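Reviewing the structure listed below.
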């Protein structure tokens, strides 16, 4: 297991814990590398591990039918993967797919249950994070139904930049269409519009954020609402 004295804590949930509780949790964790396109969970399967991302980020994907999927959330260093364990449910509600490579702390489900039982501070923190997650899922559902593709794409790019901690990342039109649940032609049109406005540079899957303020201006209000909810409940 990893030594708590040698690992810098860059996950915001872990950093919010009292030092004693954080050290106890980290003593049961190991540091692992998240590999791009790695599938951590299938929807409905038992979760063997809980993850606290440090640098990478993970897409939460729900199957719509036998051929379609929709991204309903992202988890980066602001959160965790495996939050339903706070409800004593160890079945994964979503497919979890690594979208941004990087490191994470990982703890077995069995050890995590023990940590929950022994730490009221951890229970309280993750109960609040569960509330934030529920609010974000509800907002994503409304956003998918009512907002235009360009505004949703701008929101997604901002959310991804927040978790990638970089102005640059790689994503294809096909994958974006898959994530947002729209046709590829819709993504092409929306991305072209953002590029013409010089908010982004996009070439063969390489995206560079050129004007974050511009993206925020054309993004739907869901992006700011997400941030405000997190700050209000966990900030």
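The values are calculated or read from the model by the stated rules, or taken from the named source; none is laboratory data. Note that the structure is a prediction, hence the values are computed from the model and not measured. Because the Cβ atoms are built from the backbone with ideal geometry, glycine has one as well, and the counts that use them run over all protein chains shown.
Collect the residues in the stretch 8-17 that are out of contact with any helix residue (DSSP H, G or I) (no Cβ under 7 Å at 6 or more places or on another chain) and either in a helix (DSSP H, G or I) or buried (at least 20 other Cβ atoms within 10 Å of the Cβ) (or both), keeping them in residue-number order.
Of everything in the stretch 8-17, those that are out of contact with any helix residue (DSSP H, G or I) (no Cβ under 7 Å at 6 or more places or on another chain) and either in a helix (DSSP H, G or I) or buried (at least 20 other Cβ atoms within 10 Å of the Cβ) (or both) turn out to be 11, 12, 15.
In the stretch 193-203, is there at least one residue being surrounded by 13 or more Cβ atoms within 10 Å (Cβ to Cβ), outside the structural domain of residue 61 (by TED's automatic domain parsing), part of a loop (DSSP other than H, G, I, E, B) and at negative phi?
yes
Give the residue, chosen from 190, 225, that is outside any loop (DSSP other than H, G, I, E, B) and surrounded by fewer than 18 Cβ atoms within 10 Å (Cβ to Cβ).
Sole residue among the options that is outside any loop (DSSP other than H, G, I, E, B) and surrounded by fewer than 18 Cβ atoms within 10 Å (Cβ to Cβ): 225.
State whether one or more residues within the stretch 52-59 are more than 16 Å from the chain's Cα centre (by Cα) and either surrounded by fewer than 24 Cβ atoms within 10 Å (Cβ to Cβ) or in the same structural domain as residue 102 (by TED's automatic domain parsing) (or both).
No, the stretch 52-59 has no match at all.
Need a quick list: strands (runs of 3 or more DSSP E) entirely within the stretch 77-176 having at least 3 residues that are assigned by TED's automatic domain parsing to the domain that holds residue 47, touching a strand residue (DSSP E or B) at 6+ places or on another chain (Cβ under 9 Å) and surrounded by 21 or more Cβ atoms within 10 Å (Cβ to Cβ).
Result: 95-100, 102-108.
Looking for something under 24 Å from residue 225 (Cβ atoms) and without any contact (Cβ under 8 Å) to a residue 60 or more places away in the chain - is there at least one such residue anywhere in the stretch 110-119?
No, because not a single residue in the stretch 110-119 is under 24 Å from residue 225 (Cβ atoms) and without any contact (Cβ under 8 Å) to a residue 60 or more places away in the chain.
Scan the stretch 1-41 residue by residue and report those that are at pLDDT below 95 and over 16 Å from the mean Cα position of the chain (by Cα).
Of everything in the stretch 1-41, those that are at pLDDT below 95 and over 16 Å from the mean Cα position of the chain (by Cα) turn out to be 1, 2, 3, 4, 5, 6, 7, 8, 9.
Considering only the stretch 18-51, state which residues are touching a helix residue (DSSP H, G or I) at 6+ places or on another chain (Cβ under 8 Å), surrounded by 21 or more Cβ atoms within 10 Å (Cβ to Cβ) and closer than 20 Å to residue 125 by Cα.
Correct list: 25, 26, 50.
How many residues, within the stretch 204-222, are closer than 18 Å to residue 143 by Cβ and either in contact with a strand residue (DSSP E or B) (Cβ under 6 Å, 6 or more places away or on another chain) or buried (at least 19 other Cβ atoms within 10 Å of the Cβ) (or both)?
Count: 4.
When you check residue 57 against the structure, is it in contact with a strand residue (DSSP E or B) (Cβ under 6 Å, 6 or more places away or on another chain), in contact (Cβ under 8 Å) with a residue 40 or more places away in the chain and farther than 19 Å from residue 227 by Cα, yes or no?
Spelling it out, it is not the case that residue 57 is in contact with a strand residue (DSSP E or B) (Cβ under 6 Å, 6 or more places away or on another chain), in contact (Cβ under 8 Å) with a residue 40 or more places away in the chain and farther than 19 Å from residue 227 by Cα.
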